Ligand code: FES
Ligand SMILES: [Fe+2]
């Protein structure tokens, strides 16, 4: 069991795809806390502690009834807010008012189920609670979804996704090449819980992904927001009016295991599904496999060598923001704009 930074309980995390949640309760673990997600016939989502307060049977072994989520052992039944609403066999049928199970907030957006562990946003929470960049890809954009489980820390996986400096080495040829570095102006802007990083000076790129699928860029921006601390996005806008949004959601099961959900949204461009699936997707998957191997090796070796956090330089652009969101030792950030010139 780990000690998670308390503010992470106020943060939204993706725990499942909407399509995984039917009438059968679905068990997940987020930040070491077992949660059951279930859907009522009305469509309402439940997110409750996966442990019946009577004899601690997993509620995910139960079933949904018209009254709520019913435990498989003696049938105690719980509403979406965690209240016990039925104890079968009691003559009155009434529950003791104090019997309840912990309830998390749950929201559904873009085919994904989001959970906030403190429950403070209520049930059926609205998507406007999610960071603006998550809601930016338009509904008519083409969308691809991907899921995996990595044996790595979420903070390291997030840093890997947002870090451009490893791409020359780990994804040589696919994303960038070591021999073709160019000076790039980077702006790191922090406002409230949100951070974005803009790159100027690499409108064209040398890698295969760019050559196959992209055109001259107008904007290249990386997004992070502590209110959904596991989620980050790379946004690319092109001169021809099209845009790509590549979003990864890292949700810690524990300090050692992270669930990863990814979406790719393609806006305003002719990109038949088969072309993306056969040309672009294999390259993206290759990139993700390379990243996964790296952060899994990093996790193993950190343990093997008994190391804490590493040494950073100003090239580790997003690390201070990630530390602030994830680590108790992280320094709180104030609103700021920082400009750096780097060779990418
Ligand atoms: S263990 Fe759940 S009702 Fe008894
Ligand atoms: Fe990478």
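Read the figures in this text as sums done on the coordinates, not as results from a lab. Because the structure is predicted, anything quoted here is derived from the model rather than measured. Note that we place each Cβ from the backbone using ideal geometry, even for glycine, and neighbour counts take in every protein chain shown.
So how many Å³ per residue does the convex hull of the Cα atoms of region 1-63 work out to? Kindly include the intermediate steps, with their values, before the conclusion.
Numbers: hull volume 6.5 nm³, N = 63.
Once divided by residue count, the hull of region 1-63 is 104 Å³.
Work out the FRET efficiency for residue 303 and residue 92 from their Cβ-Cβ distance, taking R0 = 41 Å, and round it to the nearest 0.05.
Working: r = 54 Å, r/R0 = 1.32.
Using R0 = 41 Å, I get an efficiency of 0.15.
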Here, residue 66 and residue 275, labelled 7 Å along Cα→Cβ, have an inter-label distance in nm of 5.2 nm
At q = 0.12, 0.17, 0.19, 0.23 Å⁻¹, the log10 of I(q)/I(0) for region 6-129 from a Debye sum over equal Cα scatterers comes to -0.40, -0.78, -0.97, -1.36
Which of 105, 328, 92 fluctuates most in a GNM of the chain (C-alpha springs under 10 Å)? That residue is 92
Between the modelled labels at residue 17 and residue 296 (7 Å from Cα along Cα→Cβ) the distance in nm is 2.1 nm
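For region 93-157, what is the Kirkwood estimate of the hydrodynamic radius, computed as the reciprocal of the mean inverse distance between distinct Cα atoms, to one decimal in Å? Show your work: numbers first, answer last.
Details: mean 1/r = 0.0663 Å⁻¹.
By the Kirkwood definition, the hydrodynamic radius is 15.1 Å.
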Contact order relative to length for the chain, counting C-alpha pairs under 8 Å separated by 6 or more residues, stands in percent at 19 percent
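Of all alpha-carbon pairs in the chain, indicate the percentage at a distance above 34 angstrom.
Working: 17773 of 58996 pairs.
I get 30 percent for the Cα pairs in the chain exceeding 34 Å.
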At the level of C-alpha centres, the distance separating region 5-47 and region 237-290, in angstrom, is 23 Å
Among 289, 142, 298, the residue with the largest mean-square fluctuation in a Gaussian network model of the chain built from Cα contacts under 10 Å is 289
Here the residues of region 239-269 lying in the modelled label zone of residue 142, meaning backbone nitrogen under 14 Å from a point 7 Å along Cα-to-Cβ, are 242-245, 264-269
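Do you know the relative contact order of region 6-129, to the nearest whole percent, from alpha carbon pairs under 8 angstrom that are 6+ apart?
On the way: 283 pairs, mean separation 29.9, N = 124.
Result for region 6-129 is 24 percent.
Region 178-219: D in µm²/s via Stokes-Einstein (Kirkwood Rh, Cα pairs, 10 °C, 1.306 mPa s)?
131 µm²/s
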From DSSP H assignment alone, runs of 4+ in the chain each adding -39500 (n - 2.57), the sum over residues rounded to the nearest 500 puts [θ] at 222 nm at -4500 deg cm²/dmol
Which of 313, 29, 65 fluctuates most in a GNM of the chain (C-alpha springs under 10 Å)? That residue is 313
Quick calc of log₁₀ I(q)/I(0), region 84-199, Debye, one scatterer on every Cα, no solvent, q values 0.22 1/Å, result -1.38
For region 164-271 the mean separation of alpha carbon contacts under 8 Å (6+ apart) over residue count, i.e. relative contact order in percent, is 16 percent
